[in-house]
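Handing you a structure now.
The values are calculated or read from the model by the stated rules, or taken from the named source; none is laboratory data. Since this is a predicted model, take the numbers as computed values, not measurements. Using ideal geometry, Cβ is built from the backbone for each residue, glycine included, and neighbour counts are taken over all protein chains shown.
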Amino acid sequence: MPPEARSEVRGGGDASGIGAGAVGVTALDAGDALQDAAIAQLVRLFGPAAQHPVACLIKDWATDPLVATTDDMQPLYAHPQYGRQASPPGEWAGCLILGGTESAPTYGGYMEGALEAGETAVAAATCP
């Protein structure tokens, strides 16, 4: 996969020039190629000053056993249907309101789903 073919780029910074960014990849990349691709994307976001970062830290969440399983390593051919669950079953029922994108009735996993789930959670927590 060419370095410019990444799944997503997120950047943030302020007027002082302090910035940070995250690069999503669609395949397992490693080493200098991934770092070079990340820096190249940050340069596109923040300009030439980003060419020489103070530090470049790479975290492959797919290899973190507290975040991902081997099932997560399989490519997705369609967006998953999470199914909405407003509150978990059992002792937490009615005490905990889920508001993340995976709990959205539609668009789960997307930003729109996160917004929808947040609105639903606020409505559930707000007294009439």
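Looking at the structure I just gave you, is Arg10 assigned to a loop (DSSP other than H, G, I, E, B), modelled with pLDDT under 70 and touching a Gly at 6+ places or on another chain (Cβ under 9 Å)?
It is false that Arg10 is assigned to a loop (DSSP other than H, G, I, E, B), modelled with pLDDT under 70 and touching a Gly at 6+ places or on another chain (Cβ under 9 Å).
Filtering segment 66-116 down to residues that are assigned to a loop (DSSP other than H, G, I, E, B) and of a type in the set (S, T, N, Q), which residue is surrounded by the most Cβ atoms within 10 Å (Cβ to Cβ)?
Ser87
Collect the residues in segment 40-73 that are of a type in the set (S, T, N, Q) and under 30 Å from Ala121 (Cβ atoms), keeping them in residue-number order.
Thr69
Here's a follow-up. Residues in segment 23-62 that are among the charged types (D, E, K, R) and either surrounded by 13 or more Cβ atoms within 10 Å (Cβ to Cβ) or modelled with pLDDT of 80 or more (or both): how many?
Looking only at that region, the number is 4.
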